[in-house]
Amino acid sequence: MKVNDVVTYAVEGSIAVITVNSPPVNALSNAVRQGVASAVETAIGDPAVGAMVLICEGRTFFAGADITEFGKPPVEPTLRNLQLVVENATKPVIAAIHGTALGGGLELALVAHYRIAVPSAKCGLPEVNLGLLPGAGGTQRLPRIVGVEKALDLMTAGSPVSAKAAKEMGLIDELAIEGQLRADAIALAQRVLDEGRPLLKVRDRTEKLDEARGKPEIFADFRKANARKFRGFNAPEAIIRCVEASLDLPFDEGMTFERQLFNELQADSQSAAQRHVFFAERQAAKVDSLPADTPILPIAKVGVIGAGTMGGGIAMNFANAGIPVTLVETNEDALFRGLRIIRGNYETTAKKGKMKPEDVDTRMGLLTGSIAMEDLADCDLIIEAVFEQIDVKREVFGKLDRIAKPGAILATNTSYLDIDDIAAATSRPDSVVGLHFFSPANVMKLLEVVRTKDTKPEIIATAMKLAKTIGKIGVLVGNGYGFVGNRILAARNTQADQLILEGATPWAVDKVLYDFGFAMGHFQMRDLVGLDVGWNPKTTSSANVREILNEMGRHGQKTKGGFYDYDENRKQTPSPVAMQVIEDFAAKQGMTRRDISDAEIQDRILFAMVNEGARILDEGIASRASDIDIVWITGYGWPKYRGGPMFWADLQGLPTVLDRLKALEAAHGAAFTPSPLIERLVAQRKGFKDA
Ligand code: 3H9
């Protein structure tokens, strides 16, 4: 029997089976909640029914509340009211879980009287990733099942656990046989019925809470241990407070407290930002301009040219995904060094317990070293990661053109150069694409996929798919200086360099960015990357502070000195030497240094970035404002809870942004001349999100 468009009701023997089918992920939308509540009430009223099973069709059990309904007026039954219907049902309810029981989905399962899951299922409360807390009783029920410490871990990390782990923790009562969840759930329901088992309610359990009573140090220690990880985010602290409340307050009062904190988080800009990031990530994977039937080319073997830091990291991504790689260097020394470093990286990972020790050899076994480019002839994809100089890259591509098999994808990892120019060194520019990895390439999530004027659609589609295969977030960008990420970085750099000459210190600039939420400051990042990247000692001419520091041998962290000084443990202190260089250079330029406020530093840096982002969008180098946000969050440490530079600008309001840019232009010149896109959007009363 159809209850509504998304819920069906059937009775088998004395068991009612309530089945939900609301693609793609059975989110708990208005229709789903209404359908389930109505079906449960039908089962309660049906004298032929003794117990009921709640199960989902499609790829997953409920993946949570429907995020698209957030901020809209609530429709009855709310999730919490649906939970009351289930929890207070006079007949046992069995939740049957496959796929991912997440957020509100797991919270709904936690009001069922029994839970069964297939071994491949996963359970989790990932609300923290959306700037929220589990708001349907999760913060009160989870500690009652798994204990306070585990509950804190699970809810603040937000990552799901396997069904097996969930069973060990008591979240799941039984494991079903894979592929026969429905039958096993019905059998469990029948057993519950036959054995007259009680209507178990998690809310009534206290034994796990009792273990933690009178131990406030649990919370103090947890806060302390995670202070760095939680810095800037509001949701983790709110979760901790709710778990404290689960100990201190009776269940219903704990629920009221949870509701209050959930509402506060939901109304907060952090959650809006993190929800924006959730959808922006998924949006970035979609290329609107490609026909849906664009073929994906098979990538069975990959070649990487260059076994340095970048090439080695790139190769690891493919080995991690089980794809064989041929790694080419110009000489054996460099090749062996590269392979040794890769092995060392894997061994470190295995030592930390993040990888099985036997996998080190398996992955190394997928890497074949060579000093002959000819060995790349059978590769489906070849990525070049050689020295960042156009002549060098063109020479490599000329050679590759002669070696690579027809149909192979030829990719460059350049971070600034013109890829059309590189492609022109081949007879097949339509097979050339940019794959811009970020250092360390085996760790950083971002992959800028750069399309040239000629790149074929199937190569773009394949590159975007490949990003997912190797666990990256691929963002399609156009071919222009620095693409998206580095071009905005260059705009930030210009302001940061100017600010330290005008009177700010590098540490003041860094503190402003750190306090804004960046993982590290601008000059700290430059010291880490190395001031000598792209610096040529042969042509250096003391033309700026960076060149002078390089000429002094101050290349950053690796030489224990750059803008900062570093001790043996790489602990940094502001460098008086660097400060002197800056002051002398400013004096030479005839500049009189002045006091610069934190507010001015923040304005100049952030508005310059936003303005550059707008230009990038206007030129079509990025196809969506949200793609720019993803690039800066996943590649450059922009705080996730601020949603990326374009989201942040929308939050300020584009009229405000335009006013600030005009004022900054008057004071500091053309870098702040507003992008025409901002002018147009303001005139149309729109934001970047509508661009
Ligand atoms: C919550 O539950 C609050 C409660 O505590 C309290 C309430 C009072 N809503 O990721 P995919 C869409 S907060 C709406 O590509 P996968 C997604 O946008 C929620 N839509 O698939 C995409 O749409 P499109 C807590 C959702 O297989 C499509 O589904 N739950 C939702 O790689 C496919 O998604 C979470 O945070 C949703 N909840 O991964 C779980 N979820 O095709 C969030 C997904 O138009 N979801 N969509 O681009 C996920 O983690 C993953 O989507 C999941 C599937 C693992 C389920």
| note | For the pair Lys2 and Thr330, the simple spin-label estimate (label points 7 Å beyond Cα toward Cβ) gives in nm 7.0 nm
| request: Please list, in chain and number order, the residues 5+ apart from Glu384 or on another chain whose amide H is under 5 Å from its amide H, with Hs placed from the backbone. | output: Ile305, Ala411, Thr412, Asn413
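Mind giving me the FRET efficiency for Gln580 and Ala292? R0 is 56 Å, r the Cβ-Cβ distance, nearest 0.05 is fine. Write out the running numbers ahead of the final one.
On the way: r = 61 Å, r/R0 = 1.09.
Calculated transfer efficiency: 0.40.
Decide, for region 213-266, between rounded, prolate and oblate: order the square roots of the alpha carbon gyration tensor eigenvalues as a ≥ b ≥ c, take rounded if a/c falls under 1.5, and otherwise choose prolate if a/b is larger than b/c, else oblate. Intermediate values should be presented prior to the final figure.
Working: a/c = 4.96, a/b = 1.18, b/c = 4.21.
Note, shape of region 213-266 comes out oblate.
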| request: Could you tell me which of Gln495, Ala31, Leu661 has its Cα farthest along the dipole of the chain towards the positive end, charges placed at Cβ (Lys, Arg +1; Asp, Glu -1), taken about the Cα centre? | output: Ala31
| message | At 7 Å along Cα-to-Cβ for each site, give me the label-to-label distance between Gln498 and Ala48 in nm. | response | 7.8 nm
| Under the definition of Cα pairs under 8 Å and six or more residues apart, what whole-number percent is the relative contact order of region 16-73? | 53 percent
| said: Per residue of region 522-531, what does 6.51 cos²θ - 1.76 cosθ + 1.60 with θ = phi - 60° give for ³J(HN,Hα)? Whole Hz please, x for Gly and Pro, Karplus curve as stated. | reply: 5, 6, 4, 5, 5, 4, 5, 5, x, 6
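Report the extension gain between Glu264 and Ala227 in nm, rounded to one decimal, defined as 0.36 nm multiplied by the number of residues separating them, less their alpha carbon distance.
On the way: separation 37, 0.36 × 37 = 13.32 nm, distance 2.13 nm.
Length gained between Glu264 and Ala227: 11.2 nm.
If you take every residue apart from Val386 with its C-beta less than 13 Å away from the C-beta of Val386, what net charge results, scoring Lys and Arg +1 and Asp and Glu -1? Display every interim value, and only then the final one.
Details: positive: Lys393, Arg394, Lys399; negative: Glu329, Glu384, Glu388, Asp391, Glu395.
Net charge in that neighbourhood comes out at -2.
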| message | As a test, work out the antiparallel percent of DSSP beta bridges whose residues both lie in the chain, rounded to the nearest 5. | response | 30 percent
| remark: Under the Karplus relation with 6.51, -1.76 and 1.60 and θ = phi - 60°, whole-Hz ³J(HN,Hα) for region 569-575, x at Gly and Pro, equal 9, 6, 7, 9, 9, x, 9
| task | Using only the alpha carbons of region 1-126, determine the length spanned along each of the three principal axes and report them from longest to shortest in whole angstroms. | result | 39, 36, 24
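What number, rounded to the nearest 500 deg cm²/dmol, is the helix-based mean residue ellipticity at 222 nm of the chain, given -39500 (n - 2.57) per DSSP H run of at least four residues and division by all its residues? Don't skip to the end; give the middle numbers.
Details: 29 runs with 331 residues, N = 691.
Counting only the DSSP helices, I get -14500 deg cm²/dmol.
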| Which order do peptides 662-670, 648-656 fall in by mean Cβ count within 10 Å, highest first? | 648-656, 662-670
| task | Please work out the average accessible area per residue across the chain, using the 1.4 Å probe convention, and give it in Å². | result | 42 Å²
| query | When only Cα pairs under 8 Å and 6 or more residues apart are kept, what is the percent relative contact order across the chain? | reply | 9 percent
| query | Which translational diffusion coefficient, to the nearest whole µm²/s, is obtained for the chain from the Stokes-Einstein equation, given a Kirkwood hydrodynamic radius over C-alpha pairs, 10 °C and 1.306 mPa s? | reply | 56 µm²/s
| request: Sticking with the crude label model, points 7 Å out along Cα→Cβ, report the distance from Thr469 to Ala300 in nm, one decimal please. | output: 1.2 nm
| field | Gain upon complete extension [Arg402, Glu388; 0.36 nm per residue less C-alpha separation] | value | 2.9 nm
| field | For region 458-486 versus region 339-353, the gap between their alpha-carbon centres in whole angstrom | value | 27 Å
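What FRET efficiency comes out for Ala220 versus Ala321 if R0 is 41 angstrom and r is the Cβ-Cβ distance? Round to the nearest 0.05.
Values: r = 42 Å, r/R0 = 1.01.
Calculated value: 0.50.
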| field | Length-normalised contact order of region 487-556 in % [C-alpha pairs under 8 Å, at least 6 apart] | value | 22 percent
| said: I need the P(r) histogram for region 559-691: all alpha carbon pairs, bin width 10 Å from 0 out to the longest distance, whole percents. | reply: 11, 32, 27, 22, 8, 0
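What does the charge count around Ala285 come to, taking other residues whose C-beta lies under 11 Å from its C-beta (Lys +1, Arg +1, Asp -1, Glu -1)? Display every interim value, and only then the final one.
Numbers: positive: Arg282, Lys286, Lys465, Lys468, Lys472; negative: Glu281, Asp627.
Charge balance in the 11 Å sphere: +3.
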| message | Residue by residue through region 642-647, what is 3J(HN,Hα) from phi via Karplus (6.51 cos²θ - 1.76 cosθ + 1.60, θ = phi - 60°)? Round to whole Hz and write x for glycine and proline. | response | 10, x, x, x, 6, 5
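Fully extended, how many nm does the chain gain between Glu57 and Ala666 (0.36 nm per residue separation, minus their Cα-Cα distance)?
On the way: separation 609, 0.36 × 609 = 219.24 nm, distance 6.05 nm.
Gain in length upon complete extension: 213.2 nm.
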| Hey, which of these cross-link pairs are over 24 Å Cα-Cα: Lys72/Lys465; Lys354/Lys468; Lys72/Lys445; Lys301/Lys456; Lys150/Lys215; Lys405/Lys445? | Lys72/Lys465; Lys72/Lys445; Lys405/Lys445
| Diffusion constant of region 436-490 at 4 °C, which comes from Stokes-Einstein with the Kirkwood Cα-pair radius and 1.567 mPa s, µm²/s | 111 µm²/s
| task | Taking H placed 1.01 Å from N in the peptide plane, check which residues at least 5 places from Ala622 or on another chain put their amide H under 5 Å from its amide H. | result | Gly478, Leu617
| query | Can you list the residues, at least 5 places off or on another chain, whose amide H is less than 5 Å from the amide H of Ala27, using H built in the peptide plane? | reply | Ala63
| query | Using the C-alpha atoms of region 422-563, what convex hull volume per residue, in cubic angstrom, is computed? | reply | 141 Å³
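Size of the dipole of the chain about the Cα centre, Lys and Arg at +1 and Asp and Glu at -1 on the beta carbon, nothing else charged, in debye to 20? It would help to have the intermediate numbers written out before the result.
On the way: 79 positive and 87 negative charges, 65 e Å.
In total the dipole reaches around 320 debye.
The values are calculated or read from the model by the stated rules, or taken from the named source; none is laboratory data. Quick caveat, the model's predicted, so the values are computed rather than measured. All Cβ positions, even for glycine, are placed from backbone atoms using ideal geometry, and neighbour counts span all protein chains on display. Side chains included, ligands, DNA and RNA excluded: accessible areas come from the protein's heavy atoms. Shrake-Rupley method; radii C 1.70, N 1.55, O 1.52, S 1.80 Å.
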